[in-house]
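What follows is a set of notes on a single structure, which appears directly below.
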Amino acid sequence: AFQLLVRELAVVQRRSLTKTIRTVGRVMVDETRRVHVHPKVEGWVQEIYAKYEGDAVTKGQPLFSFSSPDFIATQQEYLAAAQALRDGPPDASEEIRATAQANVAAARQRLLWWDITEAQIQAIEQAGVPSQALVLTSPIDGVVLTKHVFPGEYMERGGDFYHLADLSTIWVDIDLYEYDLPFVTVGQEATVTASPGATGSLHGTVIYISPTVNTMTRTATARLEFPNPEGRLRPGMYATASITTDL
């Protein structure tokens, strides 16, 4: 019998031996870019400007306005203290002037503690009369995740009215099996595809690996961080993630 031997020739090369871990991840909000809007003074809601969950907002954009007796009283104190400082006699002692300046600063600080902006305080000064409505603005560029405020509603100090998030950076949580854990480290590069039909991948970094393993699934959670300037990754989505390590 004859045996046909087929040989394949190739050039000898020196290459890296790599291992690629592929898994499905859960897209989540970057919690360091999430803020809650809580009024720091009680009152009654008037106008709603950011009306819907999912609305895009920019830093400084009005969210809603409300009327508050405490807010009006503090404006009156501030305007009266500023007027007293301006109208004080030229020959007033340093102690009297220092007291007047302290009164102005105290009233101004109360307004700032209530998240009144410098521009709003300047508008009050120019008008010379208290504003009847306090407008709360967005502290970040982002989107409205949840909204719990309605016109005419009485709001208590510290009420949970808006949840906002900047989605320009996003997290993806993945589960790693025990045998894959030695091959993944914080700072390692990762890639993610938003959906099976999407073209192109986003490149990010491993920022956290859980120190414990789930006893039921024998997996540990790793968190990946990705830039998301075009909004391709949306919280709640599933995404295909891959991590390649040099063995």
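Quick notes on this one:
- Charge sum, other residues only, whose C-beta stays under 14 Å from Val29's C-beta, Lys/Arg counted +1 and Asp/Glu -1: -1
- Rg [Å, one decimal], Dmax [Å, integer] - the stretch 11-68, C-alpha atoms: 24.2, 80
- Placing one equal scatterer on every Cα of the stretch 199-240 and applying the Debye formula, the log10 ratio I(q)/I(0) at q = 0.14, 0.16, 0.23, 0.25 Å⁻¹ is -0.45, -0.56, -0.91, -0.98.
- Derived value for the stretch 139-183: Kirkwood hydrodynamic radius 14.4 Å. Basis is the mean of 1/r over every pair of different alpha-carbon atoms.
- Residue-wise HN-Hα coupling along the stretch 211-217, computed from phi with Karplus coefficients 6.51, -1.76, 1.60 (Hz; x: Gly, Pro): x, 10, 10, 5, 5, 7, 9
- Rounded to whole numbers, the Karplus 3J(HN,Hα) couplings from phi for the stretch 115-131 are 6, 6, 7, 4, 5, 5, 5, 5, 5, 5, 4, 5, 6, x, 9, x, 6 Hz, using 6.51 cos²θ - 1.76 cosθ + 1.60 with θ = phi - 60°, and x at Gly and Pro.
- Scanning residues 5 or more positions from Asp30 or on other chains, those with amide H under 5 Å from its amide H are Trp171, with H placed 1.01 Å from N in the peptide plane.
- Relative contact order of the chain, taken over Cα pairs closer than 8 Å and 6 or more residues apart, is 31 percent.
- Heavy-atom SASA rank of Asp141, Asp70 (probe 1.4 Å, accessible area, largest first): Asp141, Asp70
- GNM top mover of Ala222, Ala80, Ala50 - the chain, alpha-carbon springs below 10 Å: Ala80
- Along each principal axis, Cα extent of the stretch 39-175, largest first, Å: 72, 35, 23
- Projecting label points 7 angstrom from Cα along Cα→Cβ for Arg234 and Arg22 puts them 2.5 nm apart.
- Expressed in Å, the radius of gyration and Dmax of the Cα atoms of the stretch 96-199 are 23.9, 74.
- Considering the stretch 164-247 at the alpha-carbon level, its Rg and Dmax are found to be 13.2, 42 Å.
- Under the Karplus curve 6.51 cos²θ - 1.76 cosθ + 1.60, θ = phi - 60°, whole-Hz ³J(HN,Hα) for the stretch 135-148, x wherever Gly or Pro sits: 9, 8, 10, 6, x, 9, 7, x, 10, 7, 7, 9, 9, 9
- Top of Ser68, Ser131, Ser93 by mean-square fluctuation, Gaussian network on the chain, Cα under 10 Å: Ser93
- Per the Debye calculation on the chain with a single equal scatterer at every Cα and no solvent contribution, log₁₀ I(q)/I(0) for q = 0.13, 0.15, 0.16 Å⁻¹ amounts to -0.90, -1.02, -1.08.
- Cα-based reach from Lys51 at 17 Å (exclusive), listing lysines while leaving out same-chain residues under 8 positions away: Lys59, Lys147
The values are calculated or read from the model by the stated rules, or taken from the named source; none is laboratory data. All figures in this text were calculated on a predicted structure; none of them were measured in a lab. FYI the Cβ positions are ideal-geometry reconstructions off the backbone, even for glycines, and counts take in every protein chain you see. With ligands, DNA and RNA removed, areas are computed over all heavy atoms of the protein, side chains included. Shrake-Rupley method; radii C 1.70, N 1.55, O 1.52, S 1.80 Å.
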